[in-house]
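Note sheet for the following structure.
What follows draws every value from the coordinates through simple rules; no lab data is involved. Since this is a predicted model, take the numbers as computed values, not measurements. Virtual Cβ from ideal backbone geometry, glycine too; neighbours counted across all protein chains shown.
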Amino acid sequence: MNTILSQTGSFEFRFYAPARFSLRLSVSLITLLLLLGGLGKEAWAEPPKVVGGLPLVHAQRGKEALEAINRLHGKEIGGRDGYVAHYERDGLVAMLYISEASFSFQAGRQLKRMAERIQKGNTPFYHLKASQRDGITVYSALGEGQIHYFYRKGARVFWLAADVPVATKALEELLEQNP
């Protein structure tokens, strides 16, 4: 960009072609990032009222839920929203943890890191397996007397910890829904 004094005595700003191209490219990239950032950010639904035949006992949302999820990880996971839902009946328990990242690629990275840590063996979970269900990679692991399933949908990471008798049914019900 050049600033020049015009014949009328006022200043004019003239953009050179490369500067105009650079400006257009910058605006285009910013617009693209904003659009991509909005993908996968549909409105939250309420947690399911029943999972695996177990009724919802209580749930937390937002900051309170993210704090609970961060405590489980022993660090801040960088979520922008979250749910923690507790289901229970006749001594059977299931917990559903949902964290939402700012972008889908961040959720994918979180999921990959969790699977890698379990695979390395430095967590209370073991016997990691991955399977495909309706185009979604679902990981399962054993630990703490429960079956743990975790997967990603868009920018959301889901972790279901359920007692063995209700685990499979709970996962199937969650995958059918689109919270």
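Restricting the first member to region 131-156 and to residues that are free of Cβ contacts under 8 Å to residues at least 12 places away in the same chain, and the second to residues that are buried (at least 16 other Cβ atoms within 10 Å of the Cβ), the beta-carbon pairs closer than 7 Å and six or more apart or on different chains are Ser131/Val138. Is it true that Ala161 is among the hydrophobic types (A, V, I, L, M, F, W, C) and either closer than 12 Å to Ile98 by Cβ or more than 19 Å from the chain's Cα centre (by Cα) (or both)? Here the answer is no, as Ala161 does not meet what is asked.
Looking at region 91-179, the strands (runs of 3 or more DSSP E) lying wholly inside it that each contain 2 or more residues that are within 20 Å of Arg61 (Cβ to Cβ) sit at 92-100, 146-153, 156-162.
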